[in-house]
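These notes concern the structure reproduced below.
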Amino acid sequence: MYTQSLNVQDPLGQRAAPKPLSLENAEAQKRFDARIDADGKIEPQDWMPEAYRKTLIRQISQHAHSEIVGMLPEGNWISRAPSLKRKAILIAKVQDEGGHGLYLYSAAETLGQGRDQMLADLHSGKAKYSSIFNYPTLTWADVGVVGWLVDGAAIMNQIPLCRCSYGPYARAMIRVCKEESFHQRQGYEALLVMMQGTAEQKAMVQDAVNRFWWKCLAMFGPPDTNSPHSEQAMRWGIKRISNDDLRQKFVDATVPQAKVLGVTLPDPDLKWNEERQHYDYGQIDWDEFWNTVNGNGPCNKERLATRVKAHNDGQWVRDAALAYARKHQSTPRKAAA
Amino acid sequence: MNTGLQLKDWPLWEVFVRSKQGLEHKHCGSLHASDAAHALQMARDVYTRRQEGVSIWVVPSQLITASAPDDKDLMFEPAADKIYRHPTFYDIPDEVGHM
């Protein structure tokens, strides 16, 4: 699971002024540019411009945080899943999200950013994560909709990242994408089952779709006309497809799925455009989106508090494991086979 | 295993997984763990949730010695002009068939 409000920029005032290129770096910069132009990969030990490194650290760590915080809205339903089967599925999915977070933290660490620092930035509220997780999961149908739409949007976003110019990020994304398909399908299937149920259950699904649809469209990030950093990310081969193009792909893919499911997507302007060969859709409420990104969504405080508490409550486990390791450091172990 | 490392935080480990018997172990990622046994347990949970492997190696990342990217030309370039090391360098009459 993931999103795009990834790579949310710091406010203007906090940004460092760009450093002038030194002569020494000019040659390295030229080699870097040539490799990017040839669609080659950059690996951790390679020279890279500081801005490229910083952009990747910010994007990959935000991505990792999103995976970790994304465990919370779904974890909320593990103890209340309607059957043992659904509970097992949900546990597996939430465990996957934790794994995805770890792949991504590891990728970010190859850029020289410490795990502790990333966690500290998340816990202090300095680092961003996907704002989709700052909305509550009120009913069981929300769990299905998160799988179908939120993970569906995440997949749209993540597939092009498998071709990202930074090797460790691209490799992490390939692993994530392989696992993500299960997430979307289990969500959609859970909704299909509900749609064969009572009128109340069907209404529950429709209500969940109504609450999540627009938030999912916003997950792709600001419109291309208002996304000043996209161009540089495209130039660097970090971003491959623009926000609006990905959003359009998502809408086009989702409309037929909604039809099969028997739900209405809550947008009166949503209709097929014969000329464009795409679906047209209505206006996204960007004020609401930015308000949530900036910490004022319905669950921002609760999510962060839960995350910090989980981390602090686990401190004694980490300490104990370390104490045990220190104690046994000189004890020989069996060699690897 | 005595890694000789000063333990302050859980150190970083590189993880190698053998996907099936008969194939080599392949690097698949890294993780933090307090010791080798812990690293193996974590690697199992993080990298083999879907039967991706039948065997795991974990190695403290700090113990890996890597060639430097700047030495790439020095290390690997000299092999580029030794095309006679490849079978396709040699023309063999068609009637000889596969050789």
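The values are calculated or read from the model by the stated rules, or taken from the named source; none is laboratory data. Worth saying up front: this structure is predicted, and the values here are computed from it rather than measured. FYI the Cβ positions are ideal-geometry reconstructions off the backbone, even for glycines, and counts take in every protein chain you see.
Yes or no, residue by residue, for (1) more than 11 Å from chain B (Cβ to nearest Cβ); (2) surrounded by fewer than 20 Cβ atoms within 10 Å (Cβ to Cβ):
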position: A:Gly101; (1), (2): no, no
position: A:Gly114; (1), (2): no, yes
position: A:Ser131; (1), (2): yes, no
position: A:Ile159; (1), (2): yes, yes
position: A:Ser181; (1), (2): yes, yes
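Among (1) farther than 30 Å from A:Val193 by Cβ; (2) surrounded by 14 or more Cβ atoms within 10 Å (Cβ to Cβ), which single condition is A:Arg247 missing?
(1)
Which of the numbered conditions does A:Tyr166 fail, given that it passes all the others? Conditions: (1) surrounded by 24 or more Cβ atoms within 10 Å (Cβ to Cβ); (2) hydroxyl-bearing (Ser, Thr, Tyr); (3) under 18 Å from A:Leu246 (Cα atoms).
(3)
Given the options A:Thr306, A:Thr292, name the one that is hydroxyl-bearing (Ser, Thr, Tyr), in a helix (DSSP H, G or I), touching a residue at least 40 places away in the same chain (Cβ under 8 Å) and over 21 Å from A:Phe212 (Cα atoms).
The unique qualifying residue is A:Thr306.
From the list A:His65, A:His123, pick out the single residue that is buried (at least 24 other Cβ atoms within 10 Å of the Cβ) and not hydroxyl-bearing (Ser, Thr, Tyr). Talk me through it step by step, then tell me what you get.
On the way: A:His123 fails: buried (at least 24 other Cβ atoms within 10 Å of the Cβ).
Just one listed residue meets the conditions, A:His65.
Residues checked against (1) within 14 Å of chain B (Cβ to nearest Cβ); (2) at pLDDT 95 or above:
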residue: A:Ser242; (1), (2): no, no
residue: A:Asp269; (1), (2): no, yes
residue: A:Trp272; (1), (2): no, yes
residue: A:Ile284; (1), (2): no, yes
residue: A:Trp290; (1), (2): no, no
residue: A:Leu322; (1), (2): yes, no
residue: A:Lys334; (1), (2): yes, no
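Please determine, by comparing only the residues of region A:42-52 that are buried (at least 17 other Cβ atoms within 10 Å of the Cβ) and within 14 Å of another protein chain (Cβ to nearest Cβ), which one is nearest to A:Ser165 (Cα to Cα).
Applying the filter and picking the extreme gives A:Ile42.
Can you find even one residue in region B:25-37 that is in a loop (DSSP other than H, G, I, E, B), more than 12 Å from every other protein chain (Cβ to nearest Cβ), of a type outside the set (Phe, Trp, Tyr) and surrounded by 10 or more Cβ atoms within 10 Å (Cβ to Cβ)?
no
Search region B:85-99 for residues that are β-branched (Val, Ile, Thr) and pair each with any residue that is exposed (fewer than 10 other Cβ atoms within 10 Å of the Cβ) when their beta-carbon atoms are under 9 Å apart and the residues are at least 6 apart or on different chains.
B:Ile92/B:Met99
Can you tell me how many residues in region B:47-71 are part of a helix (DSSP H, G or I) and either surrounded by 12 or more Cβ atoms within 10 Å (Cβ to Cβ) or within 9 Å of chain A (Cβ to nearest Cβ) (or both)?
The number of residues fulfilling the criteria is 6.
Against the conditions (1) more than 17 Å from A:Ala172 (Cβ to Cβ); (2) touching a Gly at 6+ places or on another chain (Cβ under 6 Å); (3) within 14 Å of another protein chain (Cβ to nearest Cβ), where does A:Arg35 fall short? Just the number, please.
(2)
How do the pairs read when you match residues in region B:63-77 that are under 25 Å from B:Val15 (Cβ atoms) with residues anywhere that are of a type in the set (S, T, N, Q) and surrounded by 10 or more Cβ atoms within 10 Å (Cβ to Cβ), using Cβ under 8 Å and keeping only pairs 6 or more apart or on different chains?
Close Cβ pairs (under 8 Å, with a partner that is of a type in the set (S, T, N, Q) and surrounded by 10 or more Cβ atoms within 10 Å (Cβ to Cβ)) amount to B:Leu63/B:Thr3; B:Ala66/A:Gln45; B:Ala68/A:Gln45; B:Pro69/A:Gln45.
Confirm whether B:Ala80 is within 21 Å of A:Asp46 (Cβ to Cβ) and within 12 Å of chain A (Cβ to nearest Cβ).
no
Hey, can you tell me all the residues within region A:135-149 that are under 13 Å from A:Leu72 (Cβ atoms) and surrounded by 24 or more Cβ atoms within 10 Å (Cβ to Cβ)?
Within region A:135-149, A:Asp142, A:Val143, A:Val146 qualify.
Quick one: how many residues across region A:197-248 are small (Gly, Ala, Ser), without any contact (Cβ under 8 Å) to a residue 40 or more places away in the chain and either part of a helix (DSSP H, G or I) or closer than 21 Å to A:Val260 by Cβ (or both)? Give the derivation first.
Start the filter on region A:197-248 by keeping residues that are small (Gly, Ala, Ser), which leaves A:197, A:199, A:203, A:208, A:218, A:221, A:227, A:230, A:233, A:237, A:242.
From the residues that got through so far, the ones that are without any contact (Cβ under 8 Å) to a residue 40 or more places away in the chain too are A:197, A:199, A:203, A:227, A:230, A:242.
Going one step further and asking which of them are either part of a helix (DSSP H, G or I) or closer than 21 Å to A:Val260 by Cβ (or both), we end up with A:197, A:199, A:203, A:230.
Looking only at that region, the number is 4.
Within 14 Å of chain B (Cβ to nearest Cβ), at pLDDT 90 or above and more than 16 Å from A:Ala170 (Cβ to Cβ): which single residue out of A:Glu67, A:Glu27, A:Glu74 fits that description?
A:Glu67
Check region A:289-303 and report whether any residue there is in contact with a Leu (Cβ under 6 Å, 6 or more places away or on another chain) and within 25 Å of A:Gly98 (Cα to Cα).
Within region A:289-303, one or more residues are in contact with a Leu (Cβ under 6 Å, 6 or more places away or on another chain) and within 25 Å of A:Gly98 (Cα to Cα).
Only residues that are hydrophobic (A, V, I, L, M, F, W, C) and under 19 Å from A:Pro298 (Cα atoms): list them for region A:115-140, please.
At the first step, the residues of region A:115-140 found to be hydrophobic (A, V, I, L, M, F, W, C) are A:118-120, A:122, A:127, A:132-133, A:138, A:140.
Hits for region A:115-140 are A:Leu122, A:Ala127, A:Ile132, A:Phe133, A:Leu138, A:Trp140.
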